[in-house]
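Below: one structure, written as structure tokens.
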Amino acid sequence: MRIGLRREDKYPLEARVPIVPEDVRRLVRDEGIEVVVETSRRRVFADGPFAEAGARVCGDLLDCPVIFGVKEIPVERLEPKKTYVFFSHVIKGQAHNMPMLKRMMELGCSLIDYERIVDDAGRRLVLFGRYAGLAGMINTLWTLGRRWAARGIQTPLARLRQARDYGCVAEAKRVIAGVGDEVRSVGLPASVEPLVCGFAGYGNVSKGAQEVYDLLPVETVAPDEVGRVRGRSGEHGRKVYKVVFREEHTVEPIDPGAVFELDDYYRHSERYRARFAQYLPDLSILVNCIYWEPRYPRLVAKADVRALFAGGARPRLEVIGDITCDVGGSIECNVRATDLDNPVYVWDPIRDEGVDGVEGDGPVVMAVDILPAELPADSSREFSRILMPFVPAIARADYSVAFDACPLPPQIRRAMIVHRGQLTEGYRYIEEYVKRSDAATS
């Protein structure tokens, strides 16, 4: 009946918290759960509000059997037999997190991963996705304004700031809506219109990104109409265009006689090949919001971008906002993740490297991998709200019993990757990645 909230220490500018003070008050007052908060000078909610809510604020969480966090925990801070709840980023066998997972197993810990708290249909229930989309789109529009300004093209987008420079989402939205009014009344320069933004994906992340983009004077077009919009350049300065790409627009069956079927694609991705490159010449911005694994075709390969920038004329594509930020993944020219202090780089197709800033021959890549941290107060409140229904059960569970007897809701059982040092049945495949990491280290 005691939980701890750890101080985030993976990134210097990470200020989020999984449970906010007002929800701590409910846990203490209504559920009888003791909450211990590790002191922090950089958390968006200071120690005072947690203490006022009834939490005990101290320098460590040694007496807490269950510890909640946001991002990965350094290996040296793991403690024996404890239950940890955070975004572990291990389910794809991510090599950089295998030492952490191995140490948790050696210490007999249990691990519950927010990313795997899903309903019966596999839909995620506890996530920062919308705020990744919100912050990612703010940053992408800000990046586009800087890119155009670097080319000597002045537009209303030059007034935008990075997401972290706004106090809250509402403030950012007011400014972007004002930019939208200016585009509607004054228009964009003929040299950059029509502005076409393509959204790959249609889930929570994409919805958050579209929520921001829709503050501009938007006209939505279907993927097969994008080329016709570009062909009418000179008529569209007072509005911008949006196109949303689904799976059937990004891949096609290898067999010429086959037709696209979504379930078949997810079951047999080897039967499909990428087809998204055909849309790249028509886009000013690409916002990547898809979930991707190596078994799927890439959305954008390096060869696609090289071909686009190899011609004599400057391509329309200016910015890739890779909100999902799988380095070298669905957007292959995302060669490194960026941080809040240095959020963008230009991918040079010749040298195959990222050059800081917005100037150069190649698309600007926005690849911040902790985007919700740019809006820490708003994103923490939303995350805490959707996590709260599960917190009492996680706090009260007896993790010393066998996994099958552990009294947890099904959503949390599905999210338990490690129980008392052992990978649970649905995650035993990760053992192979742990072994590979060991071999590489040796």
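Would you point out which residue out of VAL300, VAL305 is under 27 Å from GLU211 (Cβ atoms) and crowded, with 20+ Cβ neighbours inside 10 Å? Break it down into steps so the answer makes sense when it comes.
On the way: VAL305 fails: under 27 Å from GLU211 (Cβ atoms).
Result: VAL300 is the single residue among VAL300, VAL305 that is under 27 Å from GLU211 (Cβ atoms) and crowded, with 20+ Cβ neighbours inside 10 Å.
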Listed by first then second residue, the pairs whose first member lies in the stretch 262-288 and is over 24 Å from GLY133 (Cβ atoms) and among the aromatic types (Phe, Trp, Tyr), whose partner is modelled with pLDDT of 95 or more and surrounded by fewer than 15 Cβ atoms within 10 Å (Cβ to Cβ), with beta carbons under 7 Å and at least 6 positions apart or on separate chains, are TYR272/ILE254
If you scan the stretch 54-91, which residues turn out to be assigned to a strand (DSSP E or B) and either β-branched (Val, Ile, Thr) or not assigned by TED's automatic domain parsing to the domain that holds TYR427 (or both)? VAL57, VAL66, ILE67, THR83, VAL85
Can you find a residue that is assigned to a helix (DSSP H, G or I), under 21 Å from the mean Cα position of the chain (by Cα), outside the structural domain of ALA135 (by TED's automatic domain parsing) and within 24 Å of GLN162 (Cβ to Cβ) anywhere in the stretch 387-406? no
Looking at the stretch 308-324 only, could you name the residues that are surrounded by fewer than 23 Cβ atoms within 10 Å (Cβ to Cβ) and either closer than 18 Å to ARG273 by Cα or within 16 Å of the chain's Cα centre (by Cα) (or both)? none
Return the residues of the stretch 266-290 that are part of a helix (DSSP H, G or I) and either out of contact with any Phe, Trp or Tyr (no Cβ under 6 Å at 6 or more places or on another chain) or buried (at least 20 other Cβ atoms within 10 Å of the Cβ) (or both); say none if nothing qualifies. TYR266, ARG267, GLU270, ARG271, PHE276, ALA277, GLN278, TYR279, LEU280, PRO281, ASP282
Could you tell me how many of the residues in the stretch 136-182 are closer than 22 Å to PRO194 by Cα and in a helix (DSSP H, G or I)? 27
Selection from the stretch 339-350 of residues of a type in the set (D, E, K, R) and over 17 Å from ASP304 (Cβ atoms) yields ASP339, ASP341
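Applying the selection to the stretch 344-357, what residues are under 20 Å from GLU374 (Cα atoms) and surrounded by fewer than 21 Cβ atoms within 10 Å (Cβ to Cβ)? I'd like the intermediate steps shown before the answer.
Taking the stretch 344-357 and keeping what is under 20 Å from GLU374 (Cα atoms), we get 344-345, 356-357.
Result: ASP356, GLY357.
The values are calculated or read from the model by the stated rules, or taken from the named source; none is laboratory data. Keep in mind the model is a prediction, meaning the values are calculated, not measured. In this analysis, Cβ positions are derived from the backbone assuming ideal geometry, glycine residues included, and neighbour counts consider all displayed protein chains.
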